[in-house]
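Structure, as structure tokens:
None of the figures in this text is laboratory data; all of them are computed from the coordinates on show. Fair warning: this is a prediction, and the values are worked out from it, not measured in the lab. Here the Cβ is made from the backbone with ideal geometry for all residues, glycine too, and neighbour counts use every protein chain on show.
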Amino acid sequence: MADYNPTERRKRRITGIMVGMLRIIGIAFLALVLSSCGYQGQYRYPCQDPTNWDKAECNPPICEPTGTCSRDLVGQETWDEYQKTKGVGNE
């Protein structure tokens, strides 16, 4: 107990907290940087873009052999919702 120094103990605790905070900030920064990698704001397939959903190449029978029909790429629920807003009957 002769080496007990409250000031030194407080310094170590503050240093430990600062290191922990720097780690959290570093991890958050790394996550932010990695999450923005590779995204260019484009669709993988042209028929995923809602502006192309009415084009002939995005509707059957043209798109069926390649599997790139808009209704297949966006999901049936989204496609049905789109068809209702367009006033077209479901297929």
Signed unit charges on C-beta, dipole axis of the range 1-82, positive-most listed residue LEU73, LEU30, ASN5: ASN5
Extent of the range 46-86 along each principal axis, from alpha carbon coordinates, in Å, largest to smallest? 26, 16, 15
So between THR7 and GLN40, what do we pick up on full extension, going 0.36 nm a residue minus the alpha carbon distance? 6.6 nm
Which stretch or stretches of the range 36-78 have amide N atoms under 14 Å from the point lying 7 Å from LYS84's Cα along the Cα→Cβ direction? 76-78
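Multiplying the sequence separation of THR51 and PHE29 by 0.36 nm and subtracting their Cα-Cα distance, what value in nm do you get? Write out the running numbers ahead of the final one.
Working: separation 22, 0.36 × 22 = 7.92 nm, distance 3.50 nm.
Here the segment from THR51 to PHE29 would lengthen by 4.4 nm.
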I'd like the distance separating the alpha-carbon centroids of the range 51-91 and the range 13-38, in whole Å. 44
For the chain, what is the Kirkwood hydrodynamic radius in Å, using each pair of distinct C-alpha atoms? 18.2
Whole-Hz ³J(HN,Hα) from phi, Karplus 6.51 cos²θ - 1.76 cosθ + 1.60, for the range 22-37, glycine and proline x: 5, 4, 4, 5, x, 5, 5, 5, 4, 4, 5, 5, 5, 6, 8, 6
